[in-house]
1. Which percent of Cα-Cα pairs in the stretch 26-110 sits in each 5 Å bin, short to long?
2. Using the Karplus equation 6.51 cos²θ - 1.76 cosθ + 1.60 (θ = phi - 60°), what ³J(HN,Hα) coupling, rounded to whole Hz, does each residue of the stretch 158-166 give in order, writing x for Gly and Pro?
3. In debye, nearest 20, what is the charge dipole magnitude of the stretch 5-113 about its Cα centre with +1 on Lys and Arg Cβ and -1 on Asp and Glu Cβ, if you could check?
4. Could you tell me how far the Cα centroid of the stretch 1-77 sits from the Cα centroid of the stretch 113-134, in Å?
5. Solvent-accessible area per residue for the stretch 1-54 at a 1.4 Å probe radius, Å²?
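The values are calculated or read from the model by the stated rules, or taken from the named source; none is laboratory data. Only a predicted model underlies this, so the values are computations on that prediction, with no experimental measurement involved. Cβ placement follows ideal geometry from the backbone for every residue including glycine, while neighbour counts extend to all protein chains displayed. Areas reflect the complete protein model, heavy atoms only, side chains present, ligands, DNA and RNA absent. Shrake-Rupley method; radii C 1.70, N 1.55, O 1.52, S 1.80 Å.
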Amino acid sequence: MKPTGHYLTRPDGLHLAFDRLFHAPIEDVWYSLTNPSAMKAWIGTYTGRPATGAVRFRMNAEEEYAEDEGWMNVTILQCDRPHRFVADSTAPPAHMRLYCHLTEGGGMTTLTLAQYVMPDTDVASVGPGWDYYLDRLIAARNGAAMPAWESYFPAFTRYYRELTVPPRASTRTPAEAVLGADGRGEPGHGPEAGYDPAHDADLNAPARPPR
């Protein structure tokens, strides 16, 4: 186990990104990321129909919830099956926007998951959390034992605190990134305009996990 997150600077701001490579078809990996039953094996599940643009999502690796607890409202901002989706949650304690991008080639599929970094994002907590969940995804697909959260936190925090932010990085909010300072749209500057985090992907590749 090792920390794998890296910063990406995109037109809409700074992102913390993670890459994973799967020896599987793209549709198969997409299923693991989006099917509510398959998701239970590594991160959580959701209710509702994504085609409507909104679902209720709940993580299941953090703690035991009562039936009506732990749910958060998630907006699906973009979905291009089986290549990418953009999801947005305003659930406490913080607003989170997440991008997943899949590419296929040579019998393998590359996943790049990226979280928008806001001024109040605690990267030292978010980074270990996504390493943990993505390694759970791999373990679930391989039928292997799940990793222990204690192996990630606090062990990975120093790595993420010392990550170098690329030049010209912005920490604008998603709304500012899409609308601009004058409130008008900036064509090509938002995730709805075709965000592609895999473009810069590096394929050499207790606090609570990110919520």
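1. 3, 13, 22, 27, 18, 10, 5, 2, 0
2. After applying 6.51 cos²θ - 1.76 cosθ + 1.60, I find 4, 4, 6, 5, 9, 4, 7, 7, x Hz.
3. Charge dipole of the stretch 5-113: 320 debye, to the nearest 20.
4. Measuring centre to centre over Cα atoms gives 13 Å.
5. 44 Å²
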